[in-house]
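For reference, the structure is listed below as structure tokens.
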Amino acid sequence: VTINTPTFGSLVDAQSHLTSILVAGDDCMGDLQLSVTPPTLGSSCRSTIFEVTATSNQCPDQTVTRQYQMTVDTDVPVVTAGFNLGQGHVNDFNSVGDEGVYLGIASSNA
């Protein structure tokens with residue numbers, strides 16, 4: 001089963017979410033225990049596979065296991081910004097002091 005949304009920042013968060021939304025049921029036994037096991041090799045973004053096992057408390061040898069694919073992206077995003085003001089740009093911002101370099105952005109009517 002593939003769960004496309006939400007995206008999680010850690011295996012622990014994804015495991016907790018999966019545990020909170022799953023309910024195990026059986027037509028004969030109502031006392032089933034669920035265990036959610038994260039992948040042993042860590043997350044792999046959109047292909048992170050969790051194994052969920054339902055076990056009967058009355059008959060512990062009767063189990064069923066299903067796999068759930070979730071998106072777990074543990075990499076922090078890197079944001080960059082660039083300014084291409086063109087050759088005709090005139091920087092009309094004046095800095096005072098030696099606090100550092102300032103970025104001046106001309107206002108527009110847009």
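Stretched out straight at 0.36 nm per residue, the stretch from C59 to I3 would grow longer than its current Cα-Cα span by 17.2 nm.
Could you work out the local net charge near C45, counting Lys and Arg as +1, Asp and Glu as -1, over the other residues with Cβ closer than 15 Å to its Cβ? In short, -2. Modelled label-to-label distance, D13 and E51, 7 Å Cα→beta-carbon offset: nm? For the pair D13/E51, the computed spacing is 2.6 nm. Residue separation of D75 and S35 scaled by 0.36 nm, minus their Cα-Cα distance, works out to 11.8 nm of gained length.
Since every read-out is calculated from the coordinates, none of them should be taken as a lab result. On a predicted model such as this, the values are computed, not experimentally measured, just so you know. Ideal geometry is used to build each Cβ from the backbone, glycine not excepted, and the neighbour counts take in all protein chains shown.
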